[in-house]
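The values are calculated or read from the model by the stated rules, or taken from the named source; none is laboratory data. What you see is a predicted model; the values in this text were computed from it and never measured. Neighbour counts run over all protein chains shown; Cβ positions are idealised from the backbone, glycine included. Just the protein is used for accessible areas: all its heavy atoms, side chains included, with ligands, DNA and RNA removed. Shrake-Rupley method; radii C 1.70, N 1.55, O 1.52, S 1.80 Å.
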Amino acid sequence: MSLAHRGVLFLDELPEFRRNALEVLRQPLEDGVVTISRARRSVTFPAGVMLVAAMNPCPCGYYGHRKKECRCTPPEIQRYISKISGPLIDRIDIHVEVPSVSFQDMVREDRVEESGDIKARVMRAREIQRERFKKEKIFTNVQMNTRQIKRYCPIDKEGKELIRMAMDELGLSARAHHRILKVSRTISDLAGEDSIKPEYVAEAIQYRRLDRRYLY
């Protein structure tokens, strides 16, 4: 994690890591530092990373596939997903399912958004955040603490009701609640909006896919 400081730490096949190795990621993801303690001394290393992880939906890899049949039983799928603990999932802002890509999708010539356009939109959102936090000791939405979330992530009655229903139905934690608000704030920034609209809250809730998978 320290080697990936200020960069991306990519963990492929996440459930294949030892569980105790994954569990020790939790506090560094919160604090941005890794502390190694031994009998006579303690050393702290910087570890402010963007964590990106990938995993199959089940042991065989075909759960939910459009053409190939999954051979895993529900208990096998649950055991596989449960290798990733709830507290670790709570610390991951966005969970998305990526379906298999068909040949027709790969050869389509429909115009998609260019990388340069995406970069420009992201840079505008980052500038909005720099301006927002110019009197704080942070630079981006992900760094907000609880006090800052309350100040910079106000939502209306409809947005609050969406989060209430999600928390009741999915059993989301307070940490997941804060992550939803931060992601909603970022979606709003990317859209160039000052307020966090209910649809942005709904989109952020949709990114809690693994919370729902645990429920199933």
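In the range 123-216, carbon and sulfur make up what percent of the accessible area (probe 1.4 Å)?
Its accessible area is 53 percent carbon and sulfur atoms.
Calculate log10 I(q)/I(0) of the chain for q = 0.12 Å⁻¹, where I(q) comes from the Debye formula with a single equal point scatterer on each Cα and nothing for solvent.
Debye output, listed in q order: -0.81.
Quick one: compute the contact order of the range 164-213, relative version, from alpha carbon pairs under 8 angstrom and 6+ residues apart, as a percent.
Reported relative contact order: 37 percent.
Report, for the chain, the % of DSSP beta bridges that are antiparallel, rounded to 5.
DSSP beta bridges in the chain are roughly 45 percent antiparallel.
With a ≥ b ≥ c the root eigenvalues of the C-alpha gyration tensor of the range 1-61, is it rounded (a/c under 1.5), prolate (a/b larger than b/c) or oblate?
Cα axes put the range 1-61 in the oblate bin.
Hull surface divided by four, with the convex hull built on the Cα atoms of the range 100-216: how many nm²?
Taking a quarter of the hull surface, the average projection is 9.4 nm².
Going down the list Lys134/Lys157; Lys119/Lys160; Lys135/Lys157; Lys150/Lys182, which pairs span over 21 Å between their C-alpha atoms?
Result: Lys134/Lys157; Lys119/Lys160; Lys135/Lys157 exceed 21 Å.
Residues of the range 6-36 with the amide nitrogen closer than 18 Å to a label point 7 Å from the Cα of Ser85, along Cα-to-Cβ, please.
Under cut-off, by backbone N: 14-36.
Before rounding to the nearest 500, sum -39500 (n - 2.57) across all DSSP H runs of length at least 4 in the chain and divide by the residue total; then give [θ] at 222 nm in deg cm²/dmol.
Theoretical 222 nm ellipticity from helices: -13500 deg cm²/dmol.
Which whole-number value in Å² is the accessible area per residue of the chain, probe 1.4 Å?
Normalised by residue count, the accessible surface of the chain is 67 Å².
Order these peptides, 99-111, 73-85, by their mean beta-carbon neighbour count within 10 angstrom, highest first.
Answer by packing, highest mean first, reads 73-85, 99-111.
Under the classification rounded if a/c is under 1.5, otherwise prolate if a/b is larger than b/c and oblate if not, where does the range 75-120 fall, given a ≥ b ≥ c as square roots of the Cα gyration tensor eigenvalues?
oblate
Quote the FRET efficiency, to the nearest 0.05, computed for Asp105 versus Glu16 with a Förster distance R0 of 25 Å and r equal to the Cβ-Cβ distance.
0.35
Packing-wise, with mean Cβ within 10 Å as the measure, how do 54-63, 181-190 rank, highest first?
In descending order of packing, they fall as 181-190, 54-63.
Could you tell me the calculated FRET efficiency between Val96 and Glu169, based on Cβ-Cβ distance and R0 = 30 angstrom, to the nearest 0.05?
Efficiency at R0 = 30 Å is approximately 0.95.
Give the shape of the range 30-119 as rounded, prolate or oblate, defined through the alpha-carbon gyration tensor: a ≥ b ≥ c are the square roots of its eigenvalues, a/c under 1.5 means rounded, and otherwise the shape is prolate if a/b is larger than b/c and oblate if not.
Oblate shape, in that a/c is at least 1.5 and b/c is the bigger or equal ratio.
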